[in-house]
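Down below is the structure, laid out as structure tokens.
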């Protein structure tokens, strides 16, 4: 993407005033986005963005500058601006740049760029047709297709030269259903670090069916009960809870700011012995995966909880060097215009040994959560609130009446410690995670799991 000699020159310019290290992140991203709304193509856009960011670091302080031009003058100007943010010192060296072999490669068997846009429109029309066939209650269907190819080059003053191509695809169905003045929305959006072969296993018809069924089913929902009760989370939904309530407080910058409920507690049992949690960027073709993080560190699998015992944090380079440990490969950024920060990748609660049907059958009364909506988490305390977008009562060991307006309320350590059953039916959910003004692809996952005691907010009896 850039001449190696030019990159070395930029790195030397970045270290002209000192600093412990310098880094160049070069990016080129091409993308396609198509939106169908009520049977009509409302948007078809293509994009190409390229640029580079230069960072100079010392301790946990750094200077950062970026340019959307990749010529020599622009890059040297960015290097000088980044260097100027740190106190002046003696110029630093740049080690000969050597290519690093990737620990894992995520292949796109059928690149999305080779597929005509007309074929992608056909997929969106299939979403519309299948969703509307679900019943007369379906009033609006929005289908969104997106693909992108991100090419990155990362070079560092300690000799690291990394190149990677990251192809991503996603298809989202949003369905609005209405009956007698009641309106409900269903959403489903599978995604992967892959080519369009991804849709062989996640077809447009299946995506539409999940969203439409969710919207129509919830029209019959009654107000959710309130109080402390047993909660069973469907496959994938425990991963949402784990990502938000436990994952963010385990990111090293949150810990470093003394804003994490887990600070200073590595080695303690802070979850049920049934909980084994990891962050794993090496999962083949998963939405949050990569070969290298955005600092050029190799993708890794990081154990966060082992039999309920907290094992460690998710590190970027700066916080890892401060703590004297290796980076866990969690330095991520939205684009070349953003500095890397510690971020999750694919955050999973691993399979247990129970069967999902047995977990439900042994639950006398509670709420079954099939889908979670938005929520809020305070990483300093672990307090969280999540909305339930699809939920049901559990009565005498059976999933029965749909309920609406439910919220899950609790504290991370208490709720994770109350997990008393974990099934073996692992599944994932894909999304975009926002933090410090940056958004990156993440995958969350879990099997069916049961929380023995949890506060459910609702307006029903």
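Hey, any hits in segment 48-71 for a residue that's over 29 Å from the mean Cα position of the chain (by Cα), exposed (fewer than 13 other Cβ atoms within 10 Å of the Cβ), modelled with pLDDT of 95 or more and outside any strand (DSSP E or B)?
Scanning segment 48-71, I find at least one residue that is over 29 Å from the mean Cα position of the chain (by Cα), exposed (fewer than 13 other Cβ atoms within 10 Å of the Cβ), modelled with pLDDT of 95 or more and outside any strand (DSSP E or B), so the answer is yes.
I'm trying to understand the selection: among the residues of segment 354-394, which are touching a residue at least 24 places away in the same chain (Cβ under 8 Å), within 23 Å of residue 434 (Cα to Cα) and surrounded by fewer than 20 Cβ atoms within 10 Å (Cβ to Cβ)?
Answer for segment 354-394, where residues must be touching a residue at least 24 places away in the same chain (Cβ under 8 Å), within 23 Å of residue 434 (Cα to Cα) and surrounded by fewer than 20 Cβ atoms within 10 Å (Cβ to Cβ): 375, 380, 381, 383, 385.
Could you list, in sequence order, the residues of segment 85-104 that are within 23 Å of residue 27 (Cβ to Cβ), in contact with a strand residue (DSSP E or B) (Cβ under 7 Å, 6 or more places away or on another chain) and in contact (Cβ under 8 Å) with a residue 60 or more places away in the chain?
97, 98, 99, 100, 102, 103
Kindly check whether there is at least one residue in segment 194-205 that is in contact (Cβ under 8 Å) with a residue 12 or more places away in the chain, closer than 12 Å to residue 367 by Cβ and outside any strand (DSSP E or B).
For segment 194-205, residues in contact (Cβ under 8 Å) with a residue 12 or more places away in the chain, closer than 12 Å to residue 367 by Cβ and outside any strand (DSSP E or B): absent.
For residue 109, indicate whether it is assigned to a loop (DSSP other than H, G, I, E, B), farther than 30 Å from residue 194 by Cα and in contact (Cβ under 8 Å) with a residue 60 or more places away in the chain.
no
What's the total number of residues in segment 409-424 that are over 16 Å from residue 377 (Cβ atoms) and either crowded, with 19+ Cβ neighbours inside 10 Å or free of Cβ contacts under 8 Å to residues at least 40 places away in the same chain (or both)?
Final tally of qualifying residues: 5.
Scan segment 1-23 residue by residue and report those that are closer than 12 Å to residue 94 by Cα and outside any helix (DSSP H, G or I).
15, 16, 18, 19, 20, 21, 22, 23
Regarding residue 155, is this residue touching a strand residue (DSSP E or B) at 6+ places or on another chain (Cβ under 6 Å), touching a residue at least 12 places away in the same chain (Cβ under 8 Å) and either within 25 Å of residue 442 (Cα to Cα) or not in a helix (DSSP H, G or I) (or both)?
yes
This table checks each residue for (1) touching a strand residue (DSSP E or B) at 6+ places or on another chain (Cβ under 6 Å); (2) under 24 Å from residue 48 (Cα atoms).
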position: 281; (1), (2): no, no
position: 292; (1), (2): yes, yes
position: 296; (1), (2): yes, yes
position: 299; (1), (2): no, no
position: 305; (1), (2): yes, no
position: 322; (1), (2): no, no
position: 325; (1), (2): no, no
position: 339; (1), (2): yes, yes
position: 344; (1), (2): yes, no
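Condition test on residue 83, is it in contact with a helix residue (DSSP H, G or I) (Cβ under 6 Å, 6 or more places away or on another chain), over 24 Å from residue 329 (Cα atoms) and either modelled with pLDDT of 95 or more or surrounded by 11 or more Cβ atoms within 10 Å (Cβ to Cβ) (or both)?
yes
Please tell me if residue 260 is within 18 Å of residue 417 (Cβ to Cβ), in contact with a helix residue (DSSP H, G or I) (Cβ under 8 Å, 6 or more places away or on another chain), in a loop (DSSP other than H, G, I, E, B) and in contact (Cβ under 8 Å) with a residue 24 or more places away in the chain.
Spelling it out, residue 260 is indeed within 18 Å of residue 417 (Cβ to Cβ), in contact with a helix residue (DSSP H, G or I) (Cβ under 8 Å, 6 or more places away or on another chain), in a loop (DSSP other than H, G, I, E, B) and in contact (Cβ under 8 Å) with a residue 24 or more places away in the chain.
Any residue at all in segment 410-423 that is within 30 Å of residue 75 (Cβ to Cβ), touching a strand residue (DSSP E or B) at 6+ places or on another chain (Cβ under 9 Å) and in a strand (DSSP E or B)?
no
For segment 228-247, state whether one or more residues are at positive phi and at pLDDT 95 or above.
Checking segment 228-247: at least one residue is at positive phi and at pLDDT 95 or above.
So residue 119 passes all but one of these: (1) surrounded by fewer than 17 Cβ atoms within 10 Å (Cβ to Cβ); (2) touching a residue at least 24 places away in the same chain (Cβ under 8 Å). Which condition number does it fail?
Only one criterion is unmet by residue 119, namely (2).
So is residue 169 surrounded by fewer than 20 Cβ atoms within 10 Å (Cβ to Cβ), in a strand (DSSP E or B) and free of Cβ contacts under 8 Å to residues at least 60 places away in the same chain or not?
No, not satisfied.
Of everything in segment 306-335, what is free of Cβ contacts under 8 Å to residues at least 40 places away in the same chain, more than 16 Å from the chain's Cα centre (by Cα) and crowded, with 19+ Cβ neighbours inside 10 Å? Give them in sequence order.
Hit for segment 306-335 is 327, nothing else.
Results for (1) without any contact (Cβ under 8 Å) to a residue 24 or more places away in the chain; (2) surrounded by fewer than 19 Cβ atoms within 10 Å (Cβ to Cβ); (3) over 24 Å from residue 186 (Cβ atoms), shown as yes or no for each residue.
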position	(1), (2), (3)
214	no, no, no
222	no, yes, no
230	no, no, yes
237	no, no, no
241	no, no, no
252	no, no, yes
295	no, no, yes
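Any residue at all in segment 426-436 that's closer than 19 Å to residue 452 by Cβ, at pLDDT 95 or above, crowded, with 16+ Cβ neighbours inside 10 Å and touching a strand residue (DSSP E or B) at 6+ places or on another chain (Cβ under 9 Å)?
Within segment 426-436 (the criterion being closer than 19 Å to residue 452 by Cβ, at pLDDT 95 or above, crowded, with 16+ Cβ neighbours inside 10 Å and touching a strand residue (DSSP E or B) at 6+ places or on another chain (Cβ under 9 Å)), the answer is no, since none of the residues qualifies.
Would you check which residues across segment 266-284 are surrounded by fewer than 18 Cβ atoms within 10 Å (Cβ to Cβ) and either in contact with a helix residue (DSSP H, G or I) (Cβ under 9 Å, 6 or more places away or on another chain) or at pLDDT below 95 (or both) and list them?
Listed by number, the list holds a single entry, 269.
Taking residue 32, is it buried (at least 22 other Cβ atoms within 10 Å of the Cβ) and within 30 Å of residue 171 (Cα to Cα)?
Considered against the rule, which asks whether it is buried (at least 22 other Cβ atoms within 10 Å of the Cβ) and within 30 Å of residue 171 (Cα to Cα), residue 32 comes out as no.
The values are calculated or read from the model by the stated rules, or taken from the named source; none is laboratory data. Fair warning: this is a prediction, and the values are worked out from it, not measured in the lab. Every residue, glycine among them, receives a Cβ derived from its backbone with ideal geometry; neighbour counts consider all protein chains shown.
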